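First up is the structure itself, then whatever we jot down about it.
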Amino acid sequence: MQIKLIALDLDGTALRSNNTLSQTVAAAIEKAAAHGIEIVAASGRPYGSMPQSVLNLRGVNYVISSNGAAIHDKSGRRIHETPLKESAILQLLKLTKEFDLIWEAFLDGATYTDNRYLKNPLAYGCTPAYISYVQNSRGGLDDMRGYIYENRDKLDSVEYVCPDKALRESVRKMLEENLTDVYITSSSANFVEFMDKKATKSNALKWLCDYLNIPLNQTAACGNADNDADMIACAGLKAAVANASDKCKKAAEVILPTNDNDGTAELIYRILSQ
(Lines give C-alpha, C1' and ligand atoms only; values in the text may rest on other atoms or scores of the structure.)
Protein backbone atom coordinates (compact mmCIF):
# COMPACT_ATOMS: atom_id res chain seq x y z
CA MET A 1 0.00 0.00 0.00
CA GLN A 2 1.43 3.37 -1.05
CA ILE A 3 0.48 5.95 1.55
CA LYS A 4 0.22 9.51 0.23
CA LEU A 5 -1.52 11.17 3.19
CA ILE A 6 -1.36 10.65 6.96
CA ALA A 7 -4.09 12.14 9.17
CA LEU A 8 -3.03 12.49 12.79
CA ASP A 9 -5.14 13.43 15.77
CA LEU A 10 -3.29 15.75 18.14
CA ASP A 11 -4.27 15.55 21.84
CA GLY A 12 -3.51 12.12 23.20
CA THR A 13 -2.07 10.98 19.86
CA ALA A 14 0.63 13.11 18.21
CA LEU A 15 0.97 15.27 21.32
CA ARG A 16 2.26 13.89 24.59
CA SER A 17 0.17 14.00 27.75
CA ASN A 18 1.98 17.19 28.80
CA ASN A 19 0.56 18.94 25.70
CA THR A 20 3.89 19.06 23.85
CA LEU A 21 5.12 17.72 20.52
CA SER A 22 8.18 15.53 20.99
CA GLN A 23 11.24 16.04 18.81
CA THR A 24 10.93 12.41 17.71
CA VAL A 25 7.41 12.91 16.32
CA ALA A 26 8.30 16.28 14.79
CA ALA A 27 11.30 14.75 13.00
CA ALA A 28 9.21 11.84 11.72
CA ILE A 29 6.56 14.21 10.32
CA GLU A 30 9.15 16.30 8.50
CA LYS A 31 10.82 13.18 7.14
CA ALA A 32 7.47 11.99 5.77
CA ALA A 33 6.98 15.40 4.17
CA ALA A 34 10.40 15.12 2.56
CA HIS A 35 9.15 11.91 0.93
CA GLY A 36 6.13 13.72 -0.50
CA ILE A 37 3.54 12.54 2.02
CA GLU A 38 0.83 15.00 3.07
CA ILE A 39 0.48 15.29 6.85
CA VAL A 40 -2.94 16.42 8.06
CA ALA A 41 -3.57 17.54 11.64
CA ALA A 42 -7.07 16.26 12.46
CA SER A 43 -8.28 17.60 15.78
CA GLY A 44 -11.31 18.37 17.88
CA ARG A 45 -9.70 21.74 18.59
CA PRO A 46 -10.81 24.82 16.65
CA TYR A 47 -8.21 26.21 14.27
CA GLY A 48 -7.30 29.09 16.58
CA SER A 49 -6.20 26.63 19.28
CA MET A 50 -3.89 24.54 17.11
CA PRO A 51 -0.33 24.35 18.52
CA GLN A 52 2.16 26.45 16.57
CA SER A 53 4.65 23.61 17.06
CA VAL A 54 2.43 21.56 14.74
CA LEU A 55 1.38 24.29 12.31
CA ASN A 56 5.01 25.30 11.73
CA LEU A 57 6.11 21.81 10.69
CA ARG A 58 7.07 21.28 7.08
CA GLY A 59 4.46 19.03 5.50
CA VAL A 60 1.49 20.01 7.67
CA ASN A 61 -0.33 21.82 4.86
CA TYR A 62 -3.91 21.12 5.97
CA VAL A 63 -5.78 21.11 9.27
CA ILE A 64 -9.09 19.41 10.01
CA SER A 65 -10.52 21.27 13.00
CA SER A 66 -13.55 21.15 15.29
CA ASN A 67 -13.99 17.41 14.64
CA GLY A 68 -14.40 17.96 10.91
CA ALA A 69 -16.53 21.11 10.93
CA ALA A 70 -13.78 23.04 9.12
CA ILE A 71 -10.66 22.51 7.02
CA HIS A 72 -7.86 25.08 6.72
CA ASP A 73 -4.84 25.25 4.46
CA LYS A 74 -1.27 26.22 5.37
CA SER A 75 -2.06 29.93 5.18
CA GLY A 76 -4.95 29.55 7.63
CA ARG A 77 -7.57 30.02 4.90
CA ARG A 78 -10.76 28.09 5.53
CA ILE A 79 -11.32 25.95 2.44
CA HIS A 80 -14.27 23.88 3.63
CA GLU A 81 -16.84 24.11 6.41
CA THR A 82 -19.90 22.27 7.71
CA PRO A 83 -21.42 24.44 10.48
CA LEU A 84 -24.22 23.41 12.78
CA LYS A 85 -27.73 24.14 11.54
CA GLU A 86 -29.64 26.85 13.40
CA SER A 87 -32.53 24.44 13.98
CA ALA A 88 -30.17 21.98 15.68
CA ILE A 89 -28.83 24.66 18.03
CA LEU A 90 -32.34 25.72 19.00
CA GLN A 91 -33.29 22.10 19.63
CA LEU A 92 -30.16 21.53 21.73
CA LEU A 93 -30.78 24.62 23.87
CA LYS A 94 -34.39 23.64 24.44
CA LEU A 95 -33.57 20.09 25.48
CA THR A 96 -30.85 21.15 27.94
CA LYS A 97 -32.46 24.22 29.52
CA GLU A 98 -32.97 22.52 32.91
CA PHE A 99 -29.34 21.39 33.27
CA ASP A 100 -26.54 23.54 34.67
CA LEU A 101 -23.77 22.54 32.28
CA ILE A 102 -20.46 24.14 31.34
CA TRP A 103 -20.83 25.08 27.66
CA GLU A 104 -18.17 25.88 25.08
CA ALA A 105 -18.73 27.17 21.54
CA PHE A 106 -16.45 27.23 18.49
CA LEU A 107 -16.89 30.07 16.01
CA ASP A 108 -14.52 31.03 13.15
CA GLY A 109 -11.61 29.16 14.75
CA ALA A 110 -12.09 30.76 18.18
CA THR A 111 -13.39 29.22 21.41
CA TYR A 112 -15.62 30.74 24.07
CA THR A 113 -16.28 29.05 27.38
CA ASP A 114 -18.10 29.45 30.68
CA ASN A 115 -16.11 31.66 33.06
CA ARG A 116 -16.45 29.00 35.76
CA TYR A 117 -14.39 26.60 33.65
CA LEU A 118 -11.93 29.28 32.57
CA LYS A 119 -11.20 30.33 36.17
CA ASN A 120 -10.85 26.81 37.58
CA PRO A 121 -10.29 24.15 34.87
CA LEU A 122 -9.17 21.56 37.45
CA ALA A 123 -12.62 21.54 39.02
CA TYR A 124 -14.07 20.29 35.75
CA GLY A 125 -11.60 17.50 35.04
CA CYS A 126 -8.85 19.38 33.20
CA THR A 127 -5.40 17.89 33.77
CA PRO A 128 -2.66 20.18 35.18
CA ALA A 129 -0.75 20.04 31.88
CA TYR A 130 -3.69 21.59 30.01
CA ILE A 131 -4.60 24.43 32.42
CA SER A 132 -2.44 26.95 30.58
CA TYR A 133 -3.82 25.81 27.22
CA VAL A 134 -7.43 26.22 28.38
CA GLN A 135 -6.89 29.64 29.95
CA ASN A 136 -4.89 31.02 27.03
CA SER A 137 -7.00 29.68 24.17
CA ARG A 138 -10.51 30.68 25.24
CA GLY A 139 -12.59 33.75 25.82
CA GLY A 140 -14.69 33.64 28.99
CA LEU A 141 -18.37 34.49 29.26
CA ASP A 142 -20.92 34.34 32.08
CA ASP A 143 -23.85 33.53 29.80
CA MET A 144 -22.72 30.85 27.38
CA ARG A 145 -26.24 29.75 26.52
CA GLY A 146 -27.01 33.33 25.54
CA TYR A 147 -23.89 33.47 23.38
CA ILE A 148 -24.79 30.21 21.67
CA TYR A 149 -28.31 31.51 20.99
CA GLU A 150 -27.01 34.81 19.58
CA ASN A 151 -24.69 32.95 17.19
CA ARG A 152 -27.02 30.06 16.48
CA ASP A 153 -26.72 30.41 12.69
CA LYS A 154 -22.92 30.34 12.40
CA LEU A 155 -21.36 27.98 14.98
CA ASP A 156 -18.91 25.28 13.94
CA SER A 157 -19.62 23.20 17.02
CA VAL A 158 -20.56 23.32 20.69
CA GLU A 159 -19.79 21.06 23.64
CA TYR A 160 -20.48 20.68 27.31
CA VAL A 161 -17.98 19.81 30.01
CA CYS A 162 -19.24 17.69 32.90
CA PRO A 163 -17.07 15.68 35.32
CA ASP A 164 -20.19 14.09 36.85
CA LYS A 165 -20.31 10.88 34.82
CA ALA A 166 -23.89 9.98 35.67
CA LEU A 167 -25.20 13.42 34.68
CA ARG A 168 -22.95 13.64 31.62
CA GLU A 169 -24.06 10.30 30.24
CA SER A 170 -27.75 10.69 31.08
CA VAL A 171 -27.92 14.05 29.30
CA ARG A 172 -25.99 12.64 26.35
CA LYS A 173 -28.33 9.66 26.08
CA MET A 174 -31.36 11.94 26.12
CA LEU A 175 -29.86 14.12 23.41
CA GLU A 176 -28.91 11.16 21.23
CA GLU A 177 -32.51 10.02 21.37
CA ASN A 178 -34.00 13.42 20.51
CA LEU A 179 -31.58 15.48 18.43
CA THR A 180 -31.70 15.38 14.64
CA ASP A 181 -29.03 16.41 12.12
CA VAL A 182 -26.38 16.35 14.85
CA TYR A 183 -23.20 14.28 15.24
CA ILE A 184 -22.42 13.63 18.92
CA THR A 185 -18.99 12.43 20.01
CA SER A 186 -16.30 12.80 22.67
CA SER A 187 -12.62 13.68 22.48
CA SER A 188 -11.98 13.09 26.19
CA ALA A 189 -13.80 11.71 29.19
CA ASN A 190 -15.55 14.85 30.44
CA PHE A 191 -16.56 16.33 27.07
CA VAL A 192 -19.65 15.76 24.94
CA GLU A 193 -19.35 17.46 21.55
CA PHE A 194 -21.94 18.43 18.95
CA MET A 195 -21.38 19.06 15.24
CA ASP A 196 -23.52 18.91 12.14
CA LYS A 197 -24.30 15.31 11.21
CA LYS A 198 -22.00 15.58 8.17
CA ALA A 199 -19.17 17.27 10.09
CA THR A 200 -17.09 14.27 11.07
CA LYS A 201 -13.36 13.72 10.79
CA SER A 202 -14.05 10.92 8.30
CA ASN A 203 -16.12 13.16 6.03
CA ALA A 204 -13.50 15.89 6.27
CA LEU A 205 -10.80 13.38 5.31
CA LYS A 206 -12.87 12.21 2.34
CA TRP A 207 -13.42 15.79 1.19
CA LEU A 208 -9.71 16.55 1.48
CA CYS A 209 -8.78 13.43 -0.47
CA ASP A 210 -11.08 14.54 -3.29
CA TYR A 211 -9.58 18.04 -3.12
CA LEU A 212 -6.03 16.67 -3.34
CA ASN A 213 -6.89 13.85 -5.76
CA ILE A 214 -5.60 11.20 -3.35
CA PRO A 215 -7.41 7.84 -3.21
CA LEU A 216 -8.84 7.15 0.25
CA ASN A 217 -7.15 3.76 0.32
CA GLN A 218 -3.78 5.55 0.09
CA THR A 219 -4.29 7.31 3.41
CA ALA A 220 -3.38 6.42 6.98
CA ALA A 221 -5.15 7.71 10.08
CA CYS A 222 -4.23 7.51 13.75
CA GLY A 223 -6.05 8.64 16.88
CA ASN A 224 -6.86 7.95 20.50
CA ALA A 225 -10.48 8.91 21.20
CA ASP A 226 -14.04 8.14 20.16
CA ASN A 227 -14.05 11.16 17.82
CA ASP A 228 -11.21 9.56 15.83
CA ALA A 229 -12.85 6.18 15.28
CA ASP A 230 -14.79 7.07 12.12
CA MET A 231 -11.69 8.64 10.50
CA ILE A 232 -9.59 5.60 11.33
CA ALA A 233 -12.24 3.22 10.00
CA CYS A 234 -12.36 4.91 6.58
CA ALA A 235 -8.60 5.20 6.03
CA GLY A 236 -6.53 2.71 4.09
CA LEU A 237 -4.15 2.12 7.01
CA LYS A 238 -6.04 2.19 10.31
CA ALA A 239 -4.04 2.86 13.47
CA ALA A 240 -4.57 3.80 17.11
CA VAL A 241 -2.17 4.49 19.95
CA ALA A 242 -2.15 2.10 22.89
CA ASN A 243 -3.76 4.69 25.19
CA ALA A 244 -6.80 4.94 22.88
CA SER A 245 -10.42 4.38 23.87
CA ASP A 246 -12.02 1.01 23.23
CA LYS A 247 -14.09 2.42 20.36
CA CYS A 248 -10.99 3.85 18.73
CA LYS A 249 -9.01 0.62 19.10
CA LYS A 250 -11.89 -1.36 17.64
CA ALA A 251 -11.72 0.73 14.46
CA ALA A 252 -7.96 0.19 14.12
CA GLU A 253 -5.96 -2.64 12.59
CA VAL A 254 -2.63 -1.50 14.02
CA ILE A 255 -2.06 -0.62 17.70
CA LEU A 256 0.98 1.59 18.23
CA PRO A 257 2.89 2.61 21.37
CA THR A 258 1.25 5.31 23.48
CA ASN A 259 1.37 9.02 22.72
CA ASP A 260 4.00 9.39 25.46
CA ASN A 261 6.12 6.77 23.68
CA ASP A 262 5.96 8.38 20.23
CA GLY A 263 3.51 5.96 18.68
CA THR A 264 2.79 8.26 15.73
CA ALA A 265 6.49 8.39 14.89
CA GLU A 266 6.53 4.59 14.77
CA LEU A 267 3.59 4.66 12.37
CA ILE A 268 5.36 7.11 10.08
CA TYR A 269 8.59 5.12 10.04
CA ARG A 270 6.65 1.91 9.29
CA ILE A 271 5.11 3.66 6.31
CA LEU A 272 8.43 5.02 5.11
CA SER A 273 10.07 1.61 5.44
CA GLN A 274 7.62 0.27 2.87
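The values are calculated or read from the model by the stated rules, or taken from the named source; none is laboratory data. What you are looking at is a predicted structure, and each value in this text was computed from that prediction instead of being measured. Every residue, glycine as well, gets a Cβ built from its backbone with ideal geometry; the counts of neighbours run over all protein chains shown.
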All positions within region 91-104 that are of a type outside the set (S, T, N, Q), out of contact with any strand residue (DSSP E or B) (no Cβ under 6 Å at 6 or more places or on another chain) and either surrounded by 16 or more Cβ atoms within 10 Å (Cβ to Cβ) or under 24 Å from S65 (Cβ atoms) (or both):
L92, L93
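Test G139 against the criterion of being over 24 Å from G68 (Cβ atoms) and either small (G, A, S) or in the same structural domain as D226 (by TED's automatic domain parsing) (or both), and give yes or no.
Numbers: over 24 Å from G68 (Cβ atoms): no; either small (G, A, S) or in the same structural domain as D226 (by TED's automatic domain parsing) (or both): yes.
So G139 does not fit the description; no.
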Top-ranked residue in region 55-82 [being surrounded by fewer than 24 Cβ atoms within 10 Å (Cβ to Cβ) and polar (S, T, N, Q); ranked as farthest from A27 (Cα to Cα)]
T82
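Out of the residues in region 252-273 that are surrounded by fewer than 22 Cβ atoms within 10 Å (Cβ to Cβ) and part of a helix (DSSP H, G or I), state the one that is modelled with the lowest pLDDT.
First, the residues of region 252-273 that are surrounded by fewer than 22 Cβ atoms within 10 Å (Cβ to Cβ): 253-255, 257-258, 260-261, 266, 269-273.
If we keep only those that are part of a helix (DSSP H, G or I) as well, we get 260-261, 266, 269-273.
Numbers: D260: 98, N261: 98, E266: 97, Y269: 97, R270: 96, I271: 96, L272: 96, S273: 93.
Per the stated criteria, the residue is S273.
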Would it be correct to say that P128 is out of contact with any Leu (no Cβ under 8 Å at 6 or more places or on another chain), over 25 Å from K198 (Cβ atoms) and of a type outside the set (K, R)?
no
Filtering region 105-132 down to residues that are β-branched (V, I, T) and crowded, with 19+ Cβ neighbours inside 10 Å, which residue is nearest to L15 (Cα to Cα)?
T111
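Looking for whichever is buried (at least 22 other Cβ atoms within 10 Å of the Cβ) and either of a type in the set (D, E) or under 21 Å from K249 (Cβ atoms) (or both) here; the options are A189, A199, A204, A229. Which one fits? Lay out the reasoning, then the answer.
On the way: A189 fails: buried (at least 22 other Cβ atoms within 10 Å of the Cβ); A199 fails: either of a type in the set (D, E) or under 21 Å from K249 (Cβ atoms) (or both); A204 fails: either of a type in the set (D, E) or under 21 Å from K249 (Cβ atoms) (or both).
The conditions single out A229.
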Across region 91-104, which residue is nearest to the chain's Cα centre (by Cα) among those that are of a type outside the set (F, W, Y) and assigned to a strand (DSSP E or B)?
E104
Would you please name the residue that is farthest from C209 (Cα to Cα), looking only at residues in region 23-38 that are in contact with a helix residue (DSSP H, G or I) (Cβ under 9 Å, 6 or more places away or on another chain) and part of a helix (DSSP H, G or I)?
T24
Residues satisfying the stated conditions in region 21-36, i.e. surrounded by fewer than 22 Cβ atoms within 10 Å (Cβ to Cβ) and of a type in the set (A, V, I, L, M, F, W, C):
L21, A26, A27, A33, A34
So if I check each of A244, A221, which one is assigned by TED's automatic domain parsing to the domain that holds V60, on the phi < 0 side of the Ramachandran plot and assigned to a loop (DSSP other than H, G, I, E, B)?
A244
Where residues in region 39-54 are within 19 Å of D228 (Cα to Cα) and among the small types (G, A, S), which of them is surrounded by the fewest Cβ atoms within 10 Å (Cβ to Cβ)?
S49
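Does A189 meet the test of being hydrophobic (A, V, I, L, M, F, W, C), within 15 Å of D226 (Cα to Cα) and outside any strand (DSSP E or B)?
Working: hydrophobic (A, V, I, L, M, F, W, C): yes; within 15 Å of D226 (Cα to Cα): yes; outside any strand (DSSP E or B): yes.
Yes, satisfied.
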Might you let me know whether region 9-18 holds any residue that is of a type in the set (S, T, N, Q), crowded, with 23+ Cβ neighbours inside 10 Å and either in contact with a His (Cβ under 9 Å, 6 or more places away or on another chain) or not assigned by TED's automatic domain parsing to the domain that holds S188 (or both)?
yes
The lone condition A88 fails out of (1) over 18 Å from the mean Cα position of the chain (by Cα); (2) modelled with pLDDT under 95 is (2)
